[in-house]
Amino acid sequence: MNGKQLRLAKSYLWEVICLLSGFAAMAVLFLILYYIVRRGAGVINLSFLTNLPTPVGVPGGGIGNALVGSAIMVGIGTLLAVPQGIAAAIYLDQHRESRLAIATRFAARVLTGVPSLIVGLFVFTLMVLRTGSYSALAGGLALAVMMVPVITLSAEEMLRLVPSTWREASLALGATHRQTVLRLVLPAATKGITVGIMLAIALAAGQTAPILLTALTSRFWLENLQQPTASLPVLIYSYAITPFADWQQQAWGAALVLVVMVLLLNVAAQLFVAARNREV
Amino acid sequence: MAESVTVENLSFWFGKQQVLKDVSLSAQAREVTALIGPSGCGKTTLLRCINRLYRLYSGASITGKITVGTENVLDPHIDQVELRRRVGMIFQKPNPFPHLSIFENVAAGIRLHGLAQGREVAERVESCLKKVALWEEVKDRLDRPGTMLSIGQQQRLCLARTLAVEPRVFLMDEPCASLDPVSTMRIEELIRELHKEYTVIIVTHNMQQAARISQQTAFVLNGEVVEVGRTAEMFVRTRDERTEAYLTGKMG
Ligand SMILES: Nc1ncnc2c1ncn2[C@@H]1O[C@H](COP(=O)(O)OP(=O)(O)OP(=O)(O)O)[C@@H](O)[C@H]1O
Ligand SMILES: [Mg+2]
């Protein structure tokens, strides 16, 4: 083999390795989706989505309360985490090398790596023990704690991508820093920031351990935010570990609903971004 | 409308590195003053002192005095927003706002400073686009993004955007550096028009350009203004041998 052939062979091998790795990642995703759909699609109908759970063996059990509970807790988490995360990102972007910024960035990175169970325990001590009750509020707070660092770090990244020449144009025109951030930098980074928020929501929607420690679960409809609350992940977990075939099947169905909801949210965000881009 | 700009004993440091050394320079109203000099000599920095855009840099320190009209720009209590409305800036790389339409790019400053309302905004935008000879080219697509124009058109859009807030002084940092010869000619024509109403300070690497458009030329070297004079005289007979060397291409 001469030098040229060797070079070609190497680059060919490299291509193949990359292709296979990409394919493996895709394959795992599709396998998971395939299983969830195959095992879960059968139970899904309107009453499954809207009914309360029933005891083992009683037909007609649904996940209505878990669906509502998840939506509300993820909603609370998002409402708390999005403004907080974006505000922190703006701070980090404006004071890149200040000590507080470096410390904040470090803390956010560490926080993304903290096991969610620990976050759950933290909120458990902070809220559940104090108020004496598991609640949707505590669950939402735990999710927010998990979402903030994800949103902060991704939003800062996106703000940084906005070229300084644009900021200078705005400042040179007489805009204040605040106006420059609100009217130019944030709108220019909306797309990337939205993607980061979606990622955080997807992450939050699937959390089990912190929800179990803060909202526990419930077999009834949610009446107020201060009581134990059902959620999809906890329902999936508790049904899946039982030996009962009908509950196991409902767990698969709930898993399918969860995946589809996260997927729909992503599509909605893409459409939102596309619509914004057209607006220009 | 135009206001003169006077720089007195200006020194500027990035951290410990002194970038401007005791610079004094006076730009008359309704004249074009060209700043020339080798790369890295401090021309951009000098320009950015005048509208205080240097404050963006961390570790910058400054001494001396800069007067625009009658106001000392370096006074920490000065209204920076008002200063930057009076002193407009054009950059080397055209930088229209990417998320705004052609129309909104020009309207941005008008809205920002509340200079007009309702129908008046559109009239002002139109008149500014006409002044920079862009109106005919864009009047049918005012709602398209400003960034879809050619680079030369973008630079004229930026000029219109700055014109719209009625500045007294134009600072231009190599405004033609990224343009083709035809676009450059058009910008030069505009500058020749502009100086009748405004004070223009322009950085350029192009000696012929300085000769074509400016009345006064300052030669900057290593952070010092080594020679200032009427452009017509300076290019015929320089007094400083360093300027001479630069102009004849022996340096820079
Ligand atoms: N943000 C900054 N931080 C530190 N030093 C800087 C910064 N910007 C410029 N400098 C330094 O200041 C000096 C003057 O730079 P300036 O940009 O004013 O030169 P210039 O004359 O405009 O050069 P050019 O013709 O290449 O644009 C240079 O030595 C440069 O390295
Ligand atoms: Mg420069």
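Structure summary
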quantity: Loop-exposed trypsin sites (Lys or Arg not before Pro) per DSSP, neighbour cap 11 Cβ within 10 angstrom, longest uninterrupted part of chain B; calculated: B:17-195
quantity: Euclidean distance of C-alpha centroids, the stretch A:101-128 and the stretch A:1-77, integer Å; calculated: 27
quantity: Beta bridge orientation in the protein assembly as shown: antiparallel %, DSSP, nearest 5; calculated: 60
quantity: Using θ = phi - 60° and Karplus 6.51 cos²θ - 1.76 cosθ + 1.60, couplings along the stretch A:30-38 (whole Hz; Gly, Pro as x); calculated: 5, 4, 4, 4, 4, 4, 4, 5, 5
quantity: Inter-chain Cβ neighbour average for residues B:99-112, partner chain, 10 Å; calculated: 3
quantity: By accessible area with a 1.4 Å probe, ligands and nucleic acids excluded, highest first: order of B:Asp180, B:Asp240, A:Asp93; calculated: B:Asp180, B:Asp240, A:Asp93
quantity: Cα-based helix-to-principal-axis angle, A:136-161 vs chain A, degrees rounded to 10; calculated: 20
quantity: The stretch A:163-280, accessible surface, carbon-and-sulfur percent (1.4 angstrom probe); calculated: 68
quantity: Peptide-level mean, for B:80-86, of C-beta atoms on other protein chains within 10 Å; calculated: 3
quantity: Fraction of accessible area attributable to carbon and sulfur, chain B (%, probe 1.4 Å); calculated: 47
quantity: Rounded to 10°, Cα long-axis angle of helix A:64-94 versus longest principal axis of chain A; calculated: 20
quantity: Accessible surface ranking that places the most exposed of A:Phe220, B:Phe91 first, with a 1.4 angstrom probe; calculated: A:Phe220, B:Phe91
quantity: Computed [θ] at 222 nm, deg cm²/dmol, chain B (DSSP H ≥ 4; -39,500 (n - 2.57); rounded to nearest 500); calculated: -10000 deg cm²/dmol
quantity: About the Cα centre, charge dipole magnitude for chain B (Lys/Arg +1, Asp/Glu -1 at Cβ), debye; calculated: 260
quantity: Mean-position separation - Cα centroids, the stretch A:209-236 and the stretch B:143-209, in angstrom; calculated: 63
quantity: Amide H within-cut-off set for A:Gly61, under 5 Å, with H built and near neighbours excluded; calculated: A:Thr54
quantity: For A:235-247, mean number of other protein chain Cβ atoms within 10 Å; calculated: 0
quantity: Protein heavy-atom accessible area occluded, A/B pair - total, 1.4 Å probe, Å²; calculated: 1800
quantity: Mean Cβ count within 10 Å, highest first, over the residues of peptides A:97-104, B:202-209; calculated: B:202-209, A:97-104
quantity: For the protein assembly as shown: accessible area per residue (Å², 1.4 Å); calculated: 49
quantity: Most to least packed among A:119-129, A:61-71 [average Cβ atoms within 10 Å]; calculated: A:61-71, A:119-129
quantity: Lysine pairs within chain B, Cα separation less than 30 Å, 8 or more sequence positions apart or different chains; calculated: 24
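The values are calculated or read from the model by the stated rules, or taken from the named source; none is laboratory data. These figures come from a predicted structure and were not determined experimentally. A quick note on method: Cβ atoms are made from the backbone with ideal geometry, for glycine too, and the neighbour counts reach across all protein chains shown. Only protein heavy atoms, including side chains, enter the accessible area calculation; ligands, DNA and RNA are left aside. Shrake-Rupley method; radii C 1.70, N 1.55, O 1.52, S 1.80 Å.
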